[in-house]
Amino acid sequence: MAVATGICEGLDLGFNARAALITRGLAEMMRLGLALGADAETFAGLAGLGDLVLTCTGSLSRNRALGVEIGRGKTLDETLAGRQTVAEGVITTRSTRALAERLDVKMPIVQSVYDVLFEGRAPRDAMTDLMARDPRAERDD
């Protein structure tokens, strides 16, 4: 989610778009967590929303910073070549996408980040499509 919000920031899409990604990102995380047996309340606390907000907005977030560079036009390889720290979101994107597919959990943000990082999709196209998705309930009851 931090990579996605970084891409959004790198594209200068604004705070409303970032807030939408964080909100929808929390919903995606909850869907996956619940499919794995997690307690929904966990996501409302520091370990869920708190960590999500920090990693998506904090100036020291390596994953957000990676996304910013991607949003500004660098490729994943170019971005990684200049780093001395690990942005674990790159590897996590692959594993989360695979887990979501295996559990049949819809995670459009994860899929979009995967497409940008590994399939060569243009960041602006991916973010535009995410922002244009039809509104729906943030939670599946």
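The values are calculated or read from the model by the stated rules, or taken from the named source; none is laboratory data. None of the values given here were measured: they were computed from a predicted structure. Cβ atoms come from the backbone with ideal geometry, glycine included; neighbour counts cover every protein chain shown.
Which of the following residues is free of Cβ contacts under 8 Å to residues at least 60 places away in the same chain and either under 16 Å from the mean Cα position of the chain (by Cα) or buried (at least 16 other Cβ atoms within 10 Å of the Cβ) (or both): ARG124, ARG94? Only one candidate passes the filter, namely ARG94. A Cβ distance below 6 Å, combined with a sequence gap of six or more or placement on separate chains, defines the contacts here; from the range 38-54, residues that are hydroxyl-bearing (Ser, Thr, Tyr) reach residues that are surrounded by 14 or more Cβ atoms within 10 Å (Cβ to Cβ) in the pairs THR42/GLY48. Count of the range 76-91 residues, restricted to those that are part of a helix (DSSP H, G or I) and free of Cβ contacts under 8 Å to residues at least 60 places away in the same chain, is 7. The set of residues in the range 66-88 being among the small types (Gly, Ala, Ser) and modelled with pLDDT under 95 consists of ALA81, GLY82, ALA87.
Checking every residue in the range 55-64 against the condition of being in contact (Cβ under 8 Å) with a residue 24 or more places away in the chain and either of a type in the set (Gly, Ala, Ser) or closer than 19 Å to ARG133 by Cα (or both) gives at least one match.
Out of GLY58, GLY45, GLY37, one residue alone is more than 13 Å from the chain's Cα centre (by Cα) and at positive phi. It is GLY37.
For the range 1-32, a residue qualifies if it is in a helix (DSSP H, G or I) and without any contact (Cβ under 8 Å) to a residue 60 or more places away in the chain, and the qualifying residues are PHE15, ASN16, ARG18, ALA19, ILE22, MET29.
Of all residues in the range 97-107, those satisfying the criterion of being in contact (Cβ under 8 Å) with a residue 60 or more places away in the chain and assigned to a helix (DSSP H, G or I) are LEU99, ALA100, LEU103. Quick check on my filter: what residues within the range 35-75 are part of a helix (DSSP H, G or I) and of a type in the set (S, T, N, Q)? Within the range 35-75, THR42, THR55, THR57, ASN63 meet the criteria. Determine, yes or no, whether VAL110 is outside any helix (DSSP H, G or I) and β-branched (Val, Ile, Thr). It is false that VAL110 is outside any helix (DSSP H, G or I) and β-branched (Val, Ile, Thr).
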